[in-house]
Amino acid sequence: MSQTLSPFDLLALQNRIENAESEAASGCGLSDVLYEARVQAAYAGILAAAPAAQRAETEAVLLSRGFHPEFEPYEAGPGECSLTGIEDDCCPCGQHP
Ligand SMILES: [Zn+2]
């Protein structure tokens, strides 16, 4: 397997993942479900932003951190938070102004 991530790229990727994880953890310490949804969305975003040539390696790194490519986010109904399923008015996730 050819290596396209330089050591610098790999370090930047690891930083991005760690930032995404701590961001996902902030504001939802009470909900593992919420954390999982947020962190999986963040992992998917990192993968989507990776250049095509680095996609496979990026995915491998993400998988080693717990990324589930098949993760299905909760499907919210109208007026419900897409992350928690709680009504927007009461949801503590911080995404509702
Ligand atoms: Zn919410």
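Residue count for region 8-20, restricted to those that are of a type outside the set (A, V, I, L, M) and in contact with a helix residue (DSSP H, G or I) (Cβ under 6 Å, 6 or more places away or on another chain): 1. Scanning region 1-44 for residues that are modelled with pLDDT under 85, hydroxyl-bearing (S, T, Y) and surrounded by fewer than 16 Cβ atoms within 10 Å (Cβ to Cβ) yields S2, T4, S26.
If you scan region 49-97, which residues turn out to be surrounded by fewer than 16 Cβ atoms within 10 Å (Cβ to Cβ), at pLDDT 85 or above, more than 14 Å from the ligand (Cβ to nearest atom) and hydrophobic (A, V, I, L, M, F, W, C)? If the condition is that a residue be surrounded by fewer than 16 Cβ atoms within 10 Å (Cβ to Cβ), at pLDDT 85 or above, more than 14 Å from the ligand (Cβ to nearest atom) and hydrophobic (A, V, I, L, M, F, W, C), then A49, A52, A53, A56, A60, L63 are the ones that fit.
What do you reckon, is R55 of a type in the set (K, R) and over 20 Å from C93 (Cα atoms)? So that I can check it myself, show each step before the final result.
Working: of a type in the set (K, R): yes; over 20 Å from C93 (Cα atoms): yes.
The answer is yes for R55.
Among the residues of region 30-53, count how many are charged (D, E, K, R) and touching a helix residue (DSSP H, G or I) at 6+ places or on another chain (Cβ under 9 Å).
Within region 30-53, the subset charged (D, E, K, R) is 32, 36, 38.
Narrowing the set further to residues that are touching a helix residue (DSSP H, G or I) at 6+ places or on another chain (Cβ under 9 Å) leaves 36, 38.
Of the residues in that region, 2 qualify.
The values are calculated or read from the model by the stated rules, or taken from the named source; none is laboratory data. Quantities reported herein were computed from a predicted structural model and do not represent experimental measurements. So basically every Cβ, Gly included, is an ideal-geometry build from the backbone, and we count neighbours across all protein chains shown.
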